[in-house]
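Following this message is one structure expressed as structure tokens.
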Amino acid sequence: MRVPMSGPSITEEEIRAVNEVLHTPVLSIGPWLESFEGKVADFIGTRHAKGVSSGTAGLHLCVIAAGLSDGDLCITTPFSFVATANSLLYERAVPVFVDIDPVSMNLDPALVSEAVDAIVSGKPGAKRFLPPALRGQPTDRWSHKLKAIMPVHTFGQPTDMDPLLDSARRHDLLVIEDACEALGASYKGRKAGTLSDAAVFAFYPNKQITTGEGGMIVTDRAQWDALFKSLRNQGRDVFDSWLDHSRLGYNYRMDEMSAALGAVQMGRIEELLARRDRIARMYNERLASADGVSIPQVVPTTTRMSWFLYVVHLDPEVDRTAVMAYLEERGVPSRAYFPPIQLQPFYRKLFGYQEGDFPVTEMIARSTLALPFSGVMTEEQVDAVCDRLGEAVKQVRQKG
């Protein structure tokens, strides 16, 4: 049995909606996009939503709206998909990485508070939070440059937001939620996407809903929403004619075929989330006592987990590379999620990071393993993955 790594849940209703678009002359920025935006805003509970071409595009536009530019600092996590930090670099802002909590795998709020206070104060202790390439400069140079915090709700589990929001309020910082993996998640009864100045969801085929490619920015800020609408469409403003552009913008539009797919998927959102939750529970039951494997933990502040991936931890003595090879040979793909951003070659070169700079992130990154996961998995497939994983760990330990 070959088990797919992931797969979207597509019905005849989605197919009909996309075909309906193709029988119209409106293939971009039309009624389906407006419908999709409304459905997402209603589900999340925000006043505004703007569809864009990807989650990365959405994060980039949030960085612009927040006014982050040359040399400005934004605190974020090193344990995420690289697009989180890249969105800051697009505007020449500097990601300030803070280590993570080992259980939630999200930003450690105590360390964030310490970093914010140290950087804003401009005291020498701030240097340990700055990228190595900046530590030779006087710390008071950076005290006025910290502008924002960008938490990531990793794998669909919300960051502990209240302490982060307290840190932001103390120093008048903006907060941007990277909720690309967390559509439907809740923190202390509040939905991810409502806990910040703006948030971004993503709809790649392995996400909770899919538009093929695409993203959505949600916010309660009317001015930001208007800016997002302009920026995604080459900077054209509401009063501009067809070829007039009031500001520098981008081709970050979402096409109508994607929007139609997304709008129908949003009509099934609770079903889709429930399907993923069911698969995660199957995995939890089967792997709860598995040798050498720890299942993901839902922390007390998470009132609803929105399962993006199913990521286990292997014991330190278990050779992950060997386990992955064993699984692949037997038709079970797996992925090492996530390699630390600061150790990506580009970040090493630009900022001077080295191994050991973020010990918790690096420890977690060495042990995590994403197993095949989607709402369309069968119980037979889950059983096969768990059986092969148990065999793999046993084989690797015997050889080790």
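The values are calculated or read from the model by the stated rules, or taken from the named source; none is laboratory data. For clarity, every value in this text was computed on a predicted model and none was experimentally measured. A quick note on method: Cβ atoms are made from the backbone with ideal geometry, for glycine too, and the neighbour counts reach across all protein chains shown. The area values use the complete protein model at the heavy-atom level, side chains included, leaving out ligands, DNA and RNA. Shrake-Rupley method; radii C 1.70, N 1.55, O 1.52, S 1.80 Å.
Inspect all residues belonging to region 288-309 and state whether any of them is out of contact with any Pro (no Cβ under 8 Å at 6 or more places or on another chain), part of a helix (DSSP H, G or I), modelled with pLDDT of 95 or more and open to solvent by 40 Å² or more (accessible area, probe 1.4 Å).
So the first thing to find is which residues in region 288-309 are out of contact with any Pro (no Cβ under 8 Å at 6 or more places or on another chain), and the list is 288-300, 303-309.
When the remaining residues are screened for being part of a helix (DSSP H, G or I), the result is none.
Looking for residues that are out of contact with any Pro (no Cβ under 8 Å at 6 or more places or on another chain), part of a helix (DSSP H, G or I), modelled with pLDDT of 95 or more and open to solvent by 40 Å² or more (accessible area, probe 1.4 Å), one finds none in region 288-309, hence no.
Only one of 65, 115 is touching a strand residue (DSSP E or B) at 6+ places or on another chain (Cβ under 9 Å), open to solvent by 10 Å² or more (accessible area, probe 1.4 Å), farther than 20 Å from residue 346 by Cα and in contact (Cβ under 8 Å) with a residue 40 or more places away in the chain; which?
Every option except 65 fails the conditions.
In addition: Taking the options 33, 27, name whichever one is touching a residue at least 60 places away in the same chain (Cβ under 8 Å) and open to solvent by 70 Å² or more (accessible area, probe 1.4 Å). Break it down into steps so the answer makes sense when it comes.
Numbers: 33 fails: open to solvent by 70 Å² or more (accessible area, probe 1.4 Å).
Residue meeting the stated conditions: 27.
Could I ask something else about it? Scan region 207-217 for residues that are in contact with a helix residue (DSSP H, G or I) (Cβ under 8 Å, 6 or more places away or on another chain) and either open to solvent by 10 Å² or more (accessible area, probe 1.4 Å) or at negative phi (or both) and jot them down. Reasoning before the result, please.
Pass one, region 207-217, residues in contact with a helix residue (DSSP H, G or I) (Cβ under 8 Å, 6 or more places away or on another chain): 208-217.
Correct list: 208, 209, 210, 211, 212, 213, 215, 216, 217.
Condition first: hydroxyl-bearing (Ser, Thr, Tyr), crowded, with 17+ Cβ neighbours inside 10 Å, under 19 Å from residue 312 (Cα atoms) and touching a strand residue (DSSP E or B) at 6+ places or on another chain (Cβ under 6 Å). Can you find one or more residues in region 333-342 that meet it?
Scanning region 333-342 turns up at least one residue that is hydroxyl-bearing (Ser, Thr, Tyr), crowded, with 17+ Cβ neighbours inside 10 Å, under 19 Å from residue 312 (Cα atoms) and touching a strand residue (DSSP E or B) at 6+ places or on another chain (Cβ under 6 Å).
To continue, here is another question. Take region 180-206 and flag every residue that is of a type in the set (Lys, Arg) and buried (at least 23 other Cβ atoms within 10 Å of the Cβ). Write out each step before concluding.
Residues of region 180-206 that are of a type in the set (Lys, Arg), as a first pass: 188, 190-191.
Within region 180-206, just 191 meets the criteria.
State all residues of region 135-161 that are within 25 Å of residue 338 (Cα to Cα) and not hydroxyl-bearing (Ser, Thr, Tyr); if no residue qualifies, say none. Even if it seems obvious, please write down each step before you answer.
Step one: list which residues in region 135-161 are within 25 Å of residue 338 (Cα to Cα), which gives 148-161.
Hits for region 135-161 are 148, 149, 150, 151, 152, 153, 155, 156, 157, 158, 160, 161.
Which pairs turn up if I take residues in region 362-391 that are without any contact (Cβ under 8 Å) to a residue 40 or more places away in the chain and look for partners that are crowded, with 18+ Cβ neighbours inside 10 Å with beta carbon separation below 7 Å, at least 6 apart in sequence or on another chain?
Between residues of region 362-391 that are without any contact (Cβ under 8 Å) to a residue 40 or more places away in the chain and residues that are crowded, with 18+ Cβ neighbours inside 10 Å, the close pairs are 362/340.
Same structure, new question: How many residues are without any contact (Cβ under 8 Å) to a residue 40 or more places away in the chain and assigned to a loop (DSSP other than H, G, I, E, B) when one looks only at region 218-267?
Taking region 218-267 as the starting set, the residues that turn out to be without any contact (Cβ under 8 Å) to a residue 40 or more places away in the chain are 223, 226, 230, 234-249.
Then drop every residue that is not assigned to a loop (DSSP other than H, G, I, E, B), which leaves 234-249.
Total meeting the criteria: 16.
Here's something else I'd like to know. Please go through region 350-373 and give me each residue that is surrounded by fewer than 21 Cβ atoms within 10 Å (Cβ to Cβ), assigned to a loop (DSSP other than H, G, I, E, B) and within 23 Å of the chain's Cα centre (by Cα), ordered by number.
Correct list: 357 only.
Also: Go through region 81-120 and give me each residue that's in contact with a helix residue (DSSP H, G or I) (Cβ under 8 Å, 6 or more places away or on another chain) and on the phi > 0 side of the Ramachandran plot.
Passing the criteria: only 105.
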